[in-house]
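Enquirer: So that we are looking at the same thing, I have put the structure below in structure tokens.
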Amino acid sequence: DAGITQSPRHKVTETGTPVTLRCHQTENHRYMYWYRQDPGHGLRLIHYSYGVKDTDKGEVSDGYSVSRSKTEDFLLTLESATSSQTSVYFCAISESRQNSNQPQHFGDGTRLSIL
Amino acid sequence: AQSVAQPEDQVNVAEGNPLTVKCTYSVSGNPYLFWYVQYPNRGLQFLLKYITGDNLVKGSYGFEAEFNKSQTSFHLKKPSALVSDSALYFCAVRSSNTDKLIFGTGTRLQVFP
């Protein structure tokens, strides 16, 4: 398995509170991604990073921000959590775009419940 | 715009029988196609990919997939299903000119003893 660690694995919090999820990789891959998984929607891209301090929005980025200060860490922040952000969040990594035939590799997810 | 369709929410098959999980796609440019499997409380695991070359791609755990350009399909197959194959399967596509992977909504495979 690719060296990807997501923390925390589970979190329950209240509406309006800030939440930060962490993804840590040991593979030195350039690309990192945050997805959310919801029934009937599959996986949807929130944000992704193509290098340190280089990030871009995905299809469902509203209400989320990200930061990447080191190659190995990619943080996802919900500034003010809402119940619609209750979901399972997955981090993924991949090698550079020049090798874009390479698959993404996924962490085991964070189950986030917002009450 | 890229899109992926998995028309079946669930596929049921008896152990030992062949299985097929369907996937069709739409993409501009050359397609890069992937199948992933997800077991409970785990992340997605890569099964196989089509980039170019032979239309029949072999992957992990005895799975294979057939790329059909005219039908824009990439169906996942296995000649003889196992109960342990029961899981959620995702098809995904990326075009050759983007970094973003688009996933289907997933198909739950149930293999009965």
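The values are calculated or read from the model by the stated rules, or taken from the named source; none is laboratory data. It should be emphasised that the depicted structure is a prediction, and the values quoted were computed from it without experimental measurement. Cβ sites come from the backbone with ideal geometry, for glycine too, and all protein chains shown count toward neighbours. In case anyone asks, the SASA skips ligands and DNA or RNA and just uses the protein heavy atoms, side chains included. Shrake-Rupley method; radii C 1.70, N 1.55, O 1.52, S 1.80 Å.
Enquirer: Sort through B:Val21, B:Val4 and tell me the only one that's within 14 Å of chain A (Cβ to nearest Cβ) and either in contact with a Leu (Cβ under 7 Å, 6 or more places away or on another chain) or within 14 Å of A:Pro103 (Cβ to Cβ) (or both).
Expert: Details: B:Val4 fails: either in contact with a Leu (Cβ under 7 Å, 6 or more places away or on another chain) or within 14 Å of A:Pro103 (Cβ to Cβ) (or both).
Residue meeting the stated conditions: B:Val21.
Enquirer: Can you name every residue in region B:100-109 that is of a type outside the set (Lys, Arg), in a strand (DSSP E or B) and open to solvent by 40 Å² or more (accessible area, probe 1.4 Å)?
Expert: Listed by number, the list holds a single entry, B:Ile102.
Enquirer: Any idea how many residues of region A:38-57 are open to solvent by 30 Å² or more (accessible area, probe 1.4 Å) and within 11 Å of chain B (Cβ to nearest Cβ)? Steps first, please.
Expert: Of the residues in region A:38-57, the ones open to solvent by 30 Å² or more (accessible area, probe 1.4 Å) are A:39-41, A:44, A:50, A:52-57.
Now drop any that are not within 11 Å of chain B (Cβ to nearest Cβ), which leaves A:39-41, A:44, A:50, A:56-57.
Within region A:38-57, residues that are open to solvent by 30 Å² or more (accessible area, probe 1.4 Å) and within 11 Å of chain B (Cβ to nearest Cβ) number 7.
Enquirer: Can you list the strands (runs of 3 or more DSSP E) lying wholly within region B:1-77 that have 2 or more residues being touching a residue at least 24 places away in the same chain (Cβ under 8 Å)?
Expert: Strands (runs of 3 or more DSSP E) meeting the threshold: B:3-5, B:10-14, B:19-21, B:24-26, B:31-38, B:44-50, B:64-68.
Enquirer: Inside region B:78-99, can you point out the residues that are closer than 26 Å to A:Gly40 by Cα and either free of Cβ contacts under 8 Å to residues at least 60 places away in the same chain or exposed (fewer than 15 other Cβ atoms within 10 Å of the Cβ) (or both)?
Expert: First, the residues of region B:78-99 that are closer than 26 Å to A:Gly40 by Cα: B:78, B:81-95, B:98-99.
The answer is B:Leu82, B:Val83, B:Ser84, B:Ser86, B:Ala87, B:Leu88, B:Asp99.
Enquirer: A:Pro103 versus (1) in a loop (DSSP other than H, G, I, E, B); (2) of a type outside the set (Val, Ile, Thr); (3) within 16 Å of the chain's Cα centre (by Cα): which is the lone unmet condition?
Expert: Just one mismatch for A:Pro103, condition (3).
Enquirer: Continuing with this model, one more query. Take B:Leu56 and tell me if it is surrounded by fewer than 16 Cβ atoms within 10 Å (Cβ to Cβ) and of a type outside the set (S, T, N, Q). Walk me through how you get there before you give the answer.
Expert: On the way: surrounded by fewer than 16 Cβ atoms within 10 Å (Cβ to Cβ): yes; of a type outside the set (S, T, N, Q): yes.
In short, yes.
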